[in-house]
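First up is the structure itself, then whatever we jot down about it.
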Amino acid sequence: MEIPNALYSSMRFNFLYVDRYIFHENWFYPESYIPYCLLRYMTKGTAIFIIDGEEITVSAGDVAYIPEGCRLECHGASDLIEFISIRFTTTTRLNNHDFLSEFFHIPLLTKNVGTELFAYFTEIYHNATSNQTSRLFRIRGNLELILA
């Protein structure tokens, strides 16, 4: 399906929430419906994410994309798991398509993304917890850089 350029340029990301999570051995998140998109940057350890039945192993330095409307289950694969998780929605919906994976080709797992992407995640976290008047613009800009 060909997407018009106007649709790409009208795409916006609505930031909802960000937090850092630390889990210890035997961490388990039961299967749940996810009503928003998630991006998770794994900072320590290894976890198994099962997204709509597809199992992916996420390790330190990897980013997982969890699409809106999917079923998600997670469990630890190491003694210590740490990640930064960003929740957001997109302004563009096409029927039941996952716009980001199908048209922007964002994979469920990106391995070894490096320190530049980690800096964007960290900036979003710091700006979301600050009182700066520019924080919403900084959050939006860093989220767009991550997805780019």
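Would you mind telling me the share, in percent, of accessible area of the chain contributed by carbon and sulfur at probe 1.4 angstrom? All intermediate terms of the calculation are to be shown ahead of the outcome.
Numbers: 4050 of 8130 Å².
The computed percentage sits at 50.
Are there chymotrypsin sites (Phe, Trp or Tyr not before Pro) in the range 53-148 that DSSP marks as loop and that have at most 10 other Cβ atoms within 10 Å, and which are they?
Working: sites: Y65, F83, F88, F99, F103, F104, F118, Y120, F121, Y125, F137; in loops: F103, F104.
Those that pass, being in a loop and sparsely packed, number zero.
Which value in Å does the Kirkwood hydrodynamic radius of the chain take, with 1/r averaged over all unlike C-alpha pairs and then inverted?
It is 15.9 Å.
Averaging sequence separations of C-alpha pairs under 8 Å and six or more residues apart, then dividing by the length of the chain, give the relative contact order as a whole percent. The partial results should precede the final answer.
Details: 299 pairs, mean separation 42.4, N = 148.
Relative contact order comes out at 29 percent.
Note down the nm distance, to one decimal, between modelled labels 7 Å out along Cα→Cβ at S130 and at S78.
It is 2.9 nm.
Which order do H126, H105, H75 take when ranked by solvent-accessible area (1.4 Å probe, heavy atoms of all protein chains), largest first?
On the way: H126 100, H105 140, H75 55 Å².
The ranking, largest first, comes out as H105, H126, H75.
Quick check: net charge around G76, other residues with Cβ under 13 Å of its Cβ, Lys/Arg +1 and Asp/Glu -1?
The answer is -3.
The chain: longest stretch without exposed GluC sites (Glu not before Pro) (DSSP loop, at most 15 other Cβ within 10 Å), sites themselves excluded? Walk me through the numbers before you get to the answer.
Details: sites that count: E2, E25.
Longest run free of exposed loop sites: 26-148.
Rounded to the nearest 500 deg cm²/dmol, what is the calculated helix-only ellipticity per residue at 222 nm for the chain, with -39500 (n - 2.57) per DSSP H run of length n ≥ 4? Intermediate values should be presented prior to the final figure.
On the way: 4 runs with 37 residues, N = 148.
Helices in the chain give a 222 nm mean residue ellipticity of -7000 deg cm²/dmol.
Using 0.36 nm per residue, how much length does the chain from E102 to E31 gain when fully extended, once their Cα-Cα distance is taken away?
Details: separation 71, 0.36 × 71 = 25.56 nm, distance 2.34 nm.
Separation in residues times 0.36 nm, less the Cα-Cα distance, equals 23.2 nm.
Rounded to a whole number, what is D in µm²/s for the range 95-139 from Stokes-Einstein with the Kirkwood radius over alpha-carbon pairs (25 °C, 0.890 mPa s)? Before the final figure, lay out the partial values.
Values: Rh = 12.8 Å.
Translational D for this selection: 192 µm²/s.
Collect residues whose amide H, placed 1.01 Å from N in the peptide plane, falls under 5 Å from the amide H of L109; neighbours closer than 5 in sequence don't count.
Those lying under 5 Å, H to H, from L109 are Y65.
The values are calculated or read from the model by the stated rules, or taken from the named source; none is laboratory data. All figures in this text were calculated on a predicted structure; none of them were measured in a lab. With ideal geometry, Cβ positions are generated from the backbone for all residues, glycine too; neighbour counts draw on all protein chains shown. Ligands, DNA and RNA are stripped out before the accessible areas are found, and what is left, the full protein with its side chains, is counted by its heavy atoms. Shrake-Rupley method; radii C 1.70, N 1.55, O 1.52, S 1.80 Å.
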